[in-house]
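Every read-out reported here was derived from the displayed coordinates using simple, explicitly stated rules and does not represent laboratory data. Since the structure is predicted, the reported quantities are computational estimates derived from the model, not experimental observations. Cβ sites come from the backbone with ideal geometry, for glycine too, and all protein chains shown count toward neighbours.
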Amino acid sequence: MAVFSSADVIAHLPAPPAAAIPHSRALQAEIQALIAQQPQQRITFQQFMQYALYKPQRGYYMNGLQKFGKEGDFITAPELSPVFGCCVAQQCHAVLQALGGGDILEFGAGSGALVTSVLGELARLACLPEHYFILEPSAELRHRQQQTLQTQPWFDRLVWLTQLPRSIRGLVLANEVLDAMPVQCFRVEANGASLLMVENHGDALHANWYASDGGLPDFISDLPVGYGSEFNPQLNAWVQTVADMLTAGLVLLIDYGFPRAEYYHLQRDQGTLMCFYQHRTHANPLIHIGLQDITAHVDFTAVAEAADQAGLMVAGFTSQAQFLLANGLEHYFAQAQTAPLSQRIQLNTEIKKLLLPEEMGELFKVMALSRDLTVPLAGFTHDRRRAL
Ligand SMILES: C[S@@+](CC[C@H](N)C(=O)[O-])C[C@H]1O[C@@H](n2cnc3c(N)ncnc32)[C@H](O)[C@@H]1O
């Protein structure tokens with residue numbers, strides 16, 4: 001039986017724009033050529049996802065097609081409302097004050113929405129960082145960010161990096177970055193576990209399970225036979241790199257995900273892998289390659305373990321709703337009450353999406369990792385570290 005069924009899914013999705021189809025076909029052909037070069041004629045799902053999202057020029061995040069916002073495939077919290085970034089700025093403000101100044105580094109700045117609202121609010125609070133570094137793997141998004149942000153009064157504080165700085169004192173921000181990292185898909189078998197591999201099937205791609213030869217997280221052995229999910233093999237190295245760089249300050253990771261007990265809950269036995277295509281979600285990553293986002297939720301227990309190993313302190317863990325409320329969201333809402341009715345209605349809708357449990361409020365979590373920082377973190381008054 002096919003691991004991912006194509007016909008049903010494609011029938012329910014809008015067709016890609018004609019101009020995008022050659023991009024997708026060319027990327028698929030490159031992936032097929034890569035598979036054909038392998039001695040066993042297959043690549044891991046992680047390799048496939050790396051190509052589908054990050055193959056230079058063609059991968060989803062690397063090509064010039066619209067991804068963010070109404071015309072794209074999904075809307076992230078900073079895209080949805082500047083209020084999100086204002087609340088993040090409140091937490092940055094407390095940390096920059098405690099450190100007597102410093103820098104901010106943002107991973108994967110997307111359309112530039114978060115930097116715009118965070119620096120806008122920090123400028124208002126007269127607490128701009130010395131530099132705001134952006135590490136964005138996509139040359140196309142880097143270019144787009146530079147175009148969009150060039151008229152901002154704080155533009156001279158922005159520095160685009162192609163590699164991490166040796167050290168940073170201040171804050172590291174990553175909103176919906178961990179969920180965009182390539183994952184490995186596994187299935188528990190009676191005598192071990194299988195990994196999902198991608199292979200050529202005529203002129204299409206096909207996924208199949210093959211016995212794993214190791215390298216899987218230990219907790220998999222506690223899961224029942226038939227259980228399928230995924231894990232992020234790059235996570236430990238990524239957290240270690242961030243830890244090596246941070247001399248003092250705070251890392252704020254915002255993403256959808258759960259503590260491990262919820263992530264690998266017996267009822268979630270099909271994993272969390274999801275594709276976003278023109279504001280529809282579905283579960284087939286082998287279609288519309290390069291034209292759709294592929295994501296997996298974040299195992300925040302794994303992030304906490306990686307931080308612990310890397311010498312960072314897990315300073316807080318909470319839901320997005322609680323983080324925003326504790327960082328003054330109500331104040332921003334109250335401030336807007338003198339605005340014209342249409343703006344108030346729009347803000348109302350945005351805030352509902354940010355806060356409601358069935359929207360982003362509960363599914364999205366915020367984790368704080370720190371080094372040499374003693375300031376109380378207002379955003380984590382409703383701390384859920386015990387759940388990790
Ligand atoms: C879902 S988008 C989120 C964009 C933006 N943070 C937002 O919230 O609107 C994922 C972003 O993460 C970036 N990304 C993925 N892996 C990364 C990594 N290892 N380092 C830095 N950025 C990364 C992608 O290029 C993309 O810009």
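Within the shell defined by Cβ-Cβ distances under 11 Å, the residues around residue 49 carry a net charge of -1, with Lys and Arg each +1 and Asp and Glu each -1.
Over the chain, what is the percentage of antiparallel beta bridges among all DSSP beta bridges, to the nearest 5? Approximately 60 percent, going by the DSSP bridge assignments. Straight Cα distances below 19 angstrom link residue 352 to the lysines 70, 365, with same-chain residues fewer than 8 positions distant left out. By the combined test of axial Cα extent (at least 18 Å) and Kyte-Doolittle hydropathy (mean at least -0.5), the qualifying DSSP H helices of the chain come to 21-37, 82-99, 341-355.
Given axes a ≥ b ≥ c from the Cα gyration tensor, I'd like to know whether the stretch 256-340 is rounded (a/c under 1.5), prolate (a/b larger than b/c) or oblate. Note, shape of the stretch 256-340 comes out oblate. Take the Cα of residue 358, step 7 Å toward its Cβ, do the same at residue 50, and the gap between the two points is 4.1 nm.
A simple charge model with +1 on the Cβ of Lys and Arg, -1 on the Cβ of Asp and Glu and nothing else charged puts the dipole of the stretch 344-388 at about 80 debye relative to its Cα centre. Simple point charges give the picture: +1 on the Cβ of Lys and Arg, -1 on the Cβ of Asp and Glu, and for the stretch 239-309 a dipole about the Cα centre of about 280 debye. Here the peptides 284-294, 18-28 are ranked by packing, the mean other Cβ count within 10 Å, and the order with the highest first is 284-294, 18-28.
Packing, as the average of other Cβ atoms within 10 Å across residues, places the peptides 140-148, 97-105, 339-347, 74-82 in the order 74-82, 97-105, 140-148, 339-347, highest first.
The ranking of 308, 213 by Cβ neighbour count inside 10 Å, starting from the fewest, reads 213, 308.
Rounded, prolate or oblate, given the Cα gyration tensor of the stretch 73-143, with a/c below 1.5 counting as rounded? Taking the square roots of the gyration eigenvalues as a ≥ b ≥ c, the stretch 73-143 is oblate. Each residue in 299, 179 was given a count of other beta-carbon atoms within 10 angstrom of its own, and listing them fewest first yields 179, 299. The magnitude of the dipole of the chain, with charges of +1 and -1 set on the Cβ of Lys/Arg and Asp/Glu and taken from the Cα centre, is near 580 debye.
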